[in-house]
Each structure stands twice: as structure tokens, then as C-alpha cells.
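Here's the structure we're looking at; comments come further down.
All of the numbers you see were taken from the coordinates with simple rules; none came from a lab. Everything numeric here is computed off the predicted structure, so don't read it as measured data. Cβ placement follows ideal geometry from the backbone for every residue including glycine, while neighbour counts extend to all protein chains displayed.
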Amino acid sequence: MSGVRQALLSNWFIRALSTSVGQKLVMGATGLLLCGFLTVHLAGNLLLFQGAEHYNKYAHKLHENELLPVAEAGLLVLFVLHIILAFSTTRMNTGARPIGYREKQSKLVGGLEIRPHNYMFLTGVIVLGFLLLHLSDMRLAEWKMRLPYDESMTPADHALMVLRDPISATVYILGSLVLGFHLLHGFQSAFKSLGLNHPKYTPFITKLGVLFAIVIGVGFAWLPIWFFLLKK
Ligand code: HEM
């Protein structure tokens, strides 16, 4: 790509990000791509149930792939964009709607009325906290911030040690369930943000979103539930 075209494209992207429609579009696109990552990540981690051999084979294959650093960099960009836009759109929404305060009050009065879309920011922040602990456990394990680590551990040994640590297990169970709650609204909302809203398809997407949220939330939570609580 020529320098001029690249400059035009990045200029267009930055200008799009300064509008609320552009922000919603990028929020939806990054959210859906992150859902794709979660699906692949869960499938990989469920191999632990098939046995250490299968999990280690998968982990070694993943690490041998020369494109892994590129995929990791892309993933980081997705997370960072999604988080920055979450702060920005939340600020825009609360600033633009005077009704926000009244809505908050009614949420307190009708304390039992739990609607996932009212809690997107809060659940997102909780998932971010879980993710930071998770990255320090798994991705930055060599830094030994909290848990022991040595080179002779296989990927399965290491994952099981993390899942059997009481603090990690508790945070992973709660964090995964909160992630599921976040996706309960997030999945279908991403389609709407991308303009994919149609009376014929939206009910199906909404149901698919509920199924996806349950599979991801319960699927990830099941790993520490099984390896820490049930099969010590
Ligand atoms: C509870 C079950 C989970 C287990 C056992 C697990 C396991 C792992 C492992 C072993 C790694 C390191 C991979 C590597 O070194 O290449 C990793 C990385 C990662 N995990 Fe998880 N994970 C779990 C849940 C999650 C959830 C729910 C999220 C998202 C909210 C997540 C997001 C990530 C991210 C972003 C990375 C870094 C990816 C990379 O840089 O390669 N994980 N996970």
C-alpha cells in the first residue's frame, strides 16, 4: 500500500472514531472478532478434558506457528480498541441523555430488575480485571508474579497448576460467569451496531446470542469448577 493511501486510510479511520456512529461500528466489529477469539480459545482449553497429551500437542502446534505474534498483536489491538471505545461511548451516552440519572434511580428502586444491557460497562470492567490476572498467570508466567513457574513444566502442567490455585480458580469461575453475562447483551448488540438489524433475522441472532453467552460463560467456568472443586 502506498504511503498516501495508508495515510488516507488511517485519517479516515481516526475521523470515523470521532463520531458516535463510527465508534459503535468499531465497537461492534471488535466485539464480534473477540467472540471469535473466545470460541477458538475455549475449544483449545477444553482439550484439557481429553488429557494432557492432547492439550500439549495443541499448545506446541500453536507456538510453532510463525504467525502467532501477528495474531497476538491483532488481538491486543482488538482488546485495546474495544476497551477505549467502551469508556468513550459510555461517557457519550451518559452525557447525552438526561434520562440516565432517572434510569439509574429506577434501577435502584426496582432492585430485582436485572437487565444485562444496564451493566455492560460494569461487567466489562470486571472481565478486564479477570483478564489481567489471567494474562499474568498464563501469558507472563515466566515473570513469576504470583505463581511458581519453571521451564520443565508442560503447557498442561502449567494450566492445571493455575486452575487449581484457589485465588485463580475463584476469580476464573466468577470472571467467566460475568463474561457470559456481558455477552448476553453484547453478542446481539454487536450485530445491531454493525447495522445488521432485520425483523426476520434479529430474533434468531438474539437467541443465538443467549446460547453463545451460556456456552462461553459456563464453558470457561467449568474448567476451574472441574479441576479445582470436583477433581482436586
Ligand atoms: C478459564 C479458562 C481459561 C484457561 C484455562 C485459559 C488458558 C490460557 C492459556 C494457557 C493461555 C496462554 C497461551 C499461550 O501462552 O500462548 C491463555 C492466554 C490468553 N487468554 Fe485464556 N484461558 C481461559 C479463559 C480465558 C478467557 C475467559 C479470556 C477472555 C476474556 C481469555 C483470554 C486470553 C488472552 C487474551 C490470552 C493471551 C493470548 C495470547 O497472547 O496468545 N482466556 N489462556
Worksheet, complete the sentence: the chain, Gaussian network, Cα under 10 Å: of Phe13, Phe79, Phe130, the residue fluctuating most is Phe13
Discussion item. Cβ neighbours within 10 Å, averaged per peptide: list 50-62, 81-93, 215-227 in order, most packed at the top.
Written reply: 215-227, 81-93, 50-62
Worksheet entry | Residue (of Phe130, Trp143, Thr206) at the positive-pole extreme of the chain, dipole from beta-carbon charges | Thr206
Discussion item. Could you work out how much longer the chain between Ile14 and Leu194 gets when fully extended? Use 0.36 nm per residue separation minus the Cα distance between them, nm to one decimal.
Written reply: 63.0 nm
Response to the item:
In order over segment 153-162: 3J(HN,Hα) from phi, Karplus 6.51/-1.76/1.60, θ = phi - 60°, whole Hz, x for each Gly or Pro, gives 5, 7, x, 5, 4, 5, 4, 5, 4, 5
Worksheet entry | Hz values of 3J(HN,Hα) by residue in segment 49-56 - Karplus curve (6.51, -1.76, 1.60), Gly and Pro given as x | 6, 7, x, 4, 4, 4, 5, 5
Item to complete: Kindly provide the Kirkwood hydrodynamic radius of segment 22-230 in Å, to one decimal, from all pairs of distinct alpha carbon atoms.
Response: 18.8 Å
Worksheet, complete the sentence: One finds the C-alpha centres of segment 1-46 and segment 160-211 to be spaced, in Å, by 19 Å
Practice prompt. Determine the alpha carbon to alpha carbon distance for each of Lys61/Lys192; Lys24/Lys207; Lys24/Lys61 and list only those over 26 Å.
Written response: Lys61/Lys192; Lys24/Lys61
